[in-house]
Amino acid sequence: MISSDAMRGYNDALVLAILQQGDSYGYKIGKEIRKRTHDQYMIRETTLYAAFNRLSKNGYIDAYPGDVTNGKPRTYYRITPRGRAFLAVKAEEWHQVKHVVDLFLN
Amino acid sequence: MDTITAYLDSLFASFPDNPKTRQAKTDMLANMRDYYRDLLHEGKSEESAIGAVMRAFGSVDELREDLGLSPQSDQAHAHPTSDVENAISATELSHFWHNTDQFATQIALGVLLCCISVALPAYTDESRFQVFGIIGMFLLDAIAVGLFIWAGTMFSPQKKALNGRPLTENAKQLAQQETDTYRRQFSTGLVIGIMICIVAVLPPILSSYLSHFITDDAGGALFLIIAGLGTYLILYVSINYSQIKRYAYATAVPGAEPQPHHANHGNWQASQHKHNQRARKEIALFRQVYWLLVLVTYFLVSFLFDTWDYSWLIFVIGGACQNIIISLIARRNESL
């Protein structure tokens with residue numbers, strides 16, 4: 001199980017990467033992260049919420065009221081062109097970071 | 001399900017009520033409920049699902065920062081947060097009980113000194129030592145008042161420091177153990193204390209029949225001192241017990257492993273609250289009727305048998321009996 005601390009700086013990218021494949025809402029995104037990492041990383045509720053806020057403020061995602069699921073209206077998120085560009089930058093950065101850290105820890 | 005709502009309510013209680021926080025709460029509640037539902041579908045028990053949902057919440061500080069609230073400004077009236085650091089640890093709790101024990105000793109001693117202070121002039125009344133009795137009375141009273149003030153000022157910040165904070169799992173277990181252990185001591189202390197108070201009535205009664213053996217003054221003084229000792233015991237165990245018991249029912253922060261009782265916590269507290277309210281109403285009604293009866297009995301008996309000398313003791317005994325009956329009412333409601 002990876003701690004939220006270790007993932008710091010990449011939570012936003014994770015959310016964007018999921019949104020790139022289609023609009024989604026809070027719980028579904030959190031679940032997707034859990035599923036794809038085989039329960040190795042569970043993003044916390046507040047961390048996820050903070051990520052949405054940051055991404056919205058920077059114009060990387062748009063929030064809109066979606067359809068009702070399980071009797072509750074959901075806030076859906078959609079990735080913006082700026083968000084896609086940011087994700088590409090983040091992906092490039094990650095390749096470099098991974099390469100550099102590997103030089104020391106591998 | 002409602003446990004989740006209650007949990008979120010408590011976490012959001014320190015935040016201002018505005019559209020932003022309301023939206024955050026609605027979204028989070030929906031997420032947490034979805035997660036809870038999924039966990040149940042996966043075959044988890046209600047208890048472990050609730051525990052997992054609470055653990056997945058995160059930190060209130062993060063949320064506070066996110067909603068644009070400064071972490072300091074809300075600290076003063078911050079509510080129990082999900083952070084385990086804020087919870088009362090077992091060590092802190094034992095330390096608090098140690099202080100409670102001191103507080104109980106000081107208060108009980110103060111009351112005992114008050115009783116003795118009145119006994120002094122009663123005993124030396126109309127003798128050549130009368131003046132010493134009165135001086136002694138004021139001296140003891142001064143010490144007693146000093147004790148009350150000292151004990152109160154030392155203890156209240158200690159108590160305040162723990163107010164409104166949750167307990168760690170360990171601390172809660174400790175509180176439950178201690179409550180069970182101390183319950184016997186408390187009952188024993190209470191019974192002996194009340195018995196002593198009743199026995200205290202003997203010297204004044206004896207003095208009216210065997211005045212050559214024990215004088216009226218000595219009888220009165222002895223009564224006050226013995227009753228003072230009984231009160232000491234009752235006060236001491238009651239204060240200690242109440243401060244131990246209150247933490248056995250306090251909310252605990254979900255630790256590494258959720259405990260089975262978490263799921264029903266919300267409901268349990270609600271029903272407990274209802275019982276408490278009912279008990280309070282019954283006790284208030286009882287008090288009104290009870291003291292009226294005691295007063296009527298006092299006048300009736302005193303007039304009929306001309307026992308004004310010592311029939312006032314009915315109020316002392318009545319006080320002790322009142323405590324017994326009230327605790328019986330409270331216990332009956334608790335066990336319902």
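Once the whole set of protein chains is in place, how much accessible area is left on B:Met154, using a 1.4 Å probe, in Å² to the nearest 10?
My reading of the accessible area for B:Met154 is about 100 Å².
Which of B:Tyr7, B:Gln23, B:Leu40 sits farthest toward the positive end of the charge dipole of region B:1-41, with +1 on the Cβ of Lys and Arg and -1 on the Cβ of Asp and Glu?
Farthest towards the positive pole: B:Gln23.
Based on alpha-carbon centroids, what's the gap between region A:3-19 and region B:134-171 in Å, whole number please?
Cα centroid of region A:3-19 versus Cα centroid of region B:134-171: 51 Å apart.
On a full-extension model of 0.36 nm per residue, what is the gain between B:Tyr249 and B:Glu282, subtracting their alpha-carbon distance, rounded to one decimal in nm? Intermediate results must be reported in sequence, preceding the final value.
Numbers: separation 33, 0.36 × 33 = 11.88 nm, distance 2.21 nm.
Roughly 9.7 nm would be gained on extension.
Where in chain B is the longest stretch that carries no GluC sites (Glu not before Pro) classed as loop by DSSP and with at most 10 other Cβ atoms within 10 Å?
B:127-336
Could you tell me the calculated FRET efficiency between B:Ile205 and B:Thr153, based on Cβ-Cβ distance and R0 = 56 angstrom, to the nearest 0.05?
So the FRET efficiency works out to roughly 0.85.
On a straight-distance basis, which lysines could pair with A:Lys57 in a cross-link, Cα separation under 22 angstrom, same-chain partners fewer than 8 positions away excluded?
Excluding near neighbours in sequence, the set is A:Lys28, A:Lys90, B:Lys20, B:Lys25.
Quote the relative contact order of chain B in percent (integer), defining contacts as alpha-carbon pairs under 8 Å separated by 6+ residues.
Contact order relative to length: 21 percent.
For region B:2-76, what Kirkwood radius comes out of the mean inverse Cα-Cα distance, in Å?
13.2
What is the spread of the Cα atoms of chain B along each of their three principal axes, largest first, in whole Å?
The Cα atoms of chain B stretch 85, 38, 36 Å along the principal axes, largest first.
Based on DSSP H runs of at least 4 residues, each adding -39500 (n - 2.57), what is the mean residue ellipticity at 222 nm of the protein assembly as shown after dividing by all its residues, to the nearest 500 deg cm²/dmol?
It lands at -24500 deg cm²/dmol.
To the nearest 0.05, how large is the calculated FRET efficiency for B:Ile192 and B:Phe303 if R₀ is 35 Å and r is the Cβ-Cβ distance?
Step by step, r from the Cβ atoms, then E = 0.50.
Between A:Lys72 and A:Val97, what is the FRET efficiency for a Förster distance of 45 Å, r being their Cβ-Cβ separation, to the nearest 0.05?
It comes to 0.75.
With a cut-off of at most 11 other beta carbons within 10 Å, and DSSP calling the residue loop, which trypsin sites (Lys or Arg not before Pro) in region A:2-90 qualify? Please list them. Walk me through the intermediate numbers first.
Values: sites: A:Arg8, A:Lys28, A:Lys31, A:Arg34, A:Lys35, A:Arg36, A:Arg44, A:Arg54, A:Lys57, A:Arg74, A:Arg78, A:Arg82, A:Arg84, A:Lys90; in loops: A:Arg8, A:Arg44.
Taking region A:2-90 and a limit of 11 other Cβ atoms within 10 Å, the loop trypsin sites (Lys or Arg not before Pro) found are A:Arg8.
To one decimal place, what orientation-averaged projected area in nm² is obtained for the convex hull of the Cα set of chain A?
Averaged projected area of chain A's Cα convex hull equals 7.3 nm².
In terms of Cα to Cα distance under 21 Å, which lysines are near enough to B:Lys172, apart from those fewer than 8 places away along the same chain?
In chain and number order, the partners are B:Lys159, B:Lys160, B:Lys245.
Counting chymotrypsin sites (Phe, Trp or Tyr not before Pro) as exposed when in a DSSP loop with at most 15 other beta carbons within 10 Å, what is the longest stretch of chain B free of them?
B:1-128
At what distance in angstrom do the alpha carbon centres of region B:196-229 and region A:31-73 lie from each other?
Between the Cα centres of region B:196-229 and region A:31-73 lies a distance of 78 Å.
Over all distinct Cα pairs, what is the inverse of the mean 1/r for the protein assembly as shown, reported as the Kirkwood hydrodynamic radius in Å?
That comes to 27.3 Å for the protein assembly as shown.
For chain B, modelled as a GNM with alpha-carbon contacts under 10 angstrom, which of B:Gly43, B:Gly136, B:Gly58 fluctuates the most?
Of B:Gly43, B:Gly136, B:Gly58, the most mobile in the Gaussian network model is B:Gly43.
Carbon and sulfur together cover what percent of the accessible area of region B:273-336 at a 1.4 Å probe radius?
69
If I model a spin label at B:Ala161 and B:Asp17 as a point 7 Å from the Cα along the Cα→Cβ vector, what separation in nanometres do I get?
The modelled label-to-label distance comes out at 3.4 nm.
Please sort by residue number the trypsin sites (Lys or Arg not before Pro) in region B:117-174 whose DSSP state is loop and whose Cβ has at most 10 other Cβ atoms within 10 Å.
B:Arg128
Put a dot 7 Å past each Cα toward the Cβ at A:Arg8 and B:His41; how far apart are the dots in nm?
So the two model labels end up 3.5 nm from each other.
The values are calculated or read from the model by the stated rules, or taken from the named source; none is laboratory data. Everything quoted here is computed from the prediction, not taken from an experiment. Neighbour counts are summed over all protein chains in view; Cβ atoms, including those assigned to glycine, are modelled from backbone coordinates with ideal geometry. Note: areas computed on protein heavy atoms with side chains; ligands, DNA, RNA excluded. Shrake-Rupley method; radii C 1.70, N 1.55, O 1.52, S 1.80 Å.
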